[in-house]
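For reference, the structure discussed in these notes is given below.
The values are calculated or read from the model by the stated rules, or taken from the named source; none is laboratory data. Computed from a prediction, not measured in an experiment: that's the story for all the values here. Cβ coordinates were reconstructed from backbone atoms using ideal geometry, including for glycine residues, and neighbour counts include every protein chain displayed.
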Ligand code: ADP
Ligand code: MG
């Protein structure tokens, strides 16, 4: 093939790819334009997760009628004119690419009017080509409606995720901008339903209350610290101010997705600064758990280069270490000043607060220390013995006899019959088998048991449900609510009776019987957390993941004292499992010390 210059149309489509990756990128760019135009009201209307319609209406300055075509040309911007401007950008946009890029891959209509213009202008474009223009009556401001996104780039269309995923990503952008712009009234509508709105009264706590539940919002600790940079930026000694909110250590998650960063009002992705927040919690959080952080960094615009990528979410700092230090210190100081630091050793990995969105009834105070919760393990006693034979705890001989009597009724077992000796560290059960000693991880073992039972019921389409005496209401973030809503059938198949119960609120009326006693709100939340991390996998996989997650929350935790009877029930059920040697996540459930090993260790052989 000979070398040719690409047609303008094709070149725009290629360039558009970097700016408009998916529906949420369109939402982001249009909101940024509205904010740059000084809007105080921004209404976002979405249909079909953004594939069918994305409309952003603002009451900003508007685009002058004479310039409206120009706004849709590539590299056309009113925010930048000289190379020096590029070094000190205070607007969210500056590359002049977004409108051209969005128009290139959609059917776009814009209606805009400035205060000076007598009438509004309506412009229509299809694949970036103008198809209509007229004068219309319109209020001051701009409405951009994007329909049939990617209609002319089928490859892009194919790569879009499910409507739920796209919707969640859109929700995330809208909530981020609402947090960074509390003076602006945001309203987000999905399929004709308002799912999120703010008042624009400048009260960030109120916005937080819209995003998180009241209880979580109430627990957040405020960060407010003004730091001097150790070295002058641009010859002058200037400040890096850090403010925002962080969660107490008792609120923590399995991933970093609750750490949100802004620099000069711009949401940024920055793994180093995310780490600065995490590091501030050093020793306050169990390993593998991450805090909530909402961090606003204000600094001289010259000290940060925002022109790194067309999406403008990555930045380069002139003094990265100074920014890192400022964030880390600000967060650490807040934690030390505001939170009574608990005795870490008493924390149990598994029981430290999840359930960030739960209602006050299920809310937890900060630093929930683990308390033994005996008898609430949801162990299936029925499989053990008939009820009138119920346990005679602490009587080891009796236990052995009972275990022995069941020997014949368990063909195909993969574990030998074991005798429970006791519990160590409130985490491990010691047993004796025909060939030595076993140390069994109580949580992993219980998880395995519940998982096999649950999966068996599900595969047989026979998941038993157990009604709750008192239904539990859970309030979720808008994006989480969307996830639950789109998976209601799945939840039903898995024995959960979950119903919508007001905006972003659900009521749980029944839970799968197999898991026994659990905190239903917490279990639902951990499932949602888990789903949030994944990208709409196959339905079958979702169900398996939910089962996995529910079993994890239902399983007895490390740190719980078990009675002998409870340990025996657990061991017997483990003996009956298909794969007793690992938990459903693949970690070992037990360590075996054979009689031979013991003899060797003691120098008997
Ligand atoms: P950029 O934001 O980088 O300048 P865009 O392609 O997003 O580039 O927008 C091009 C220009 O169109 C902007 O510089 C601005 O002058 C104008 N514009 C876009 N959206 C709006 C809006 N909602 N209100 C007023 N002017 C707008
Ligand atoms: Mg822009």
Residue count for the range 72-90, restricted to those that are in a loop (DSSP other than H, G, I, E, B) and without any contact (Cβ under 8 Å) to a residue 60 or more places away in the chain: 12
Among the residues listed as 81, 90, the single one being under 37 Å from the mean Cα position of the chain (by Cα) and within 16 Å of ligand 2 (Cβ to nearest atom): 90
Number of positions in the range 279-310 that are buried (at least 18 other Cβ atoms within 10 Å of the Cβ) and within 17 Å of residue 246 (Cα to Cα): 13
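Please work out which residue is nearest to residue 146 (Cα to Cα), limiting yourself to the range 92-116 and to residues that are within 12 Å of ligand 1 (Cβ to nearest atom) and part of a loop (DSSP other than H, G, I, E, B).
Among those that are within 12 Å of ligand 1 (Cβ to nearest atom) and part of a loop (DSSP other than H, G, I, E, B), it is 97.
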Within the range 75-86, considering residues that are more than 8 Å from ligand 1 (Cβ to nearest atom) and closer than 22 Å to residue 18 by Cα, the one modelled with the lowest pLDDT: 86
Residue satisfying all of: in the range 57-71; near ligand 1 (Cβ under 7 Å from one of its atoms) and part of a loop (DSSP other than H, G, I, E, B); surrounded by the most Cβ atoms within 10 Å (Cβ to Cβ) among these: 63
Candidates 64, 139 - the one that is farther than 29 Å from residue 9 by Cβ and away from ligand 2 (no atom under 14 Å from the Cβ): 139
Residues of the range 10-56 classified as out of contact with any strand residue (DSSP E or B) (no Cβ under 7 Å at 6 or more places or on another chain), outside any helix (DSSP H, G or I) and within 9 Å of ligand 1 (Cβ to nearest atom), total: 1
Residue satisfying all of: in the range 93-117; closer than 22 Å to residue 138 by Cα and within 37 Å of the chain's Cα centre (by Cα); farthest from ligand 2 (Cβ to nearest atom) among these: 107
Candidates 599, 569, 544, filtered to the one that is assigned to a helix (DSSP H, G or I) and under 30 Å from residue 484 (Cα atoms): 544
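Residue-by-condition table, conditions (1) modelled with pLDDT of 90 or more; (2) surrounded by fewer than 17 Cβ atoms within 10 Å (Cβ to Cβ); (3) in contact with a strand residue (DSSP E or B) (Cβ under 9 Å, 6 or more places away or on another chain):
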{"site": "464", "(1), (2), (3)": "no, yes, yes"}
{"site": "467", "(1), (2), (3)": "no, yes, yes"}
{"site": "471", "(1), (2), (3)": "no, yes, yes"}
{"site": "483", "(1), (2), (3)": "no, no, no"}
{"site": "489", "(1), (2), (3)": "no, yes, no"}
{"site": "495", "(1), (2), (3)": "no, no, yes"}
{"site": "498", "(1), (2), (3)": "yes, no, yes"}
{"site": "501", "(1), (2), (3)": "no, yes, yes"}
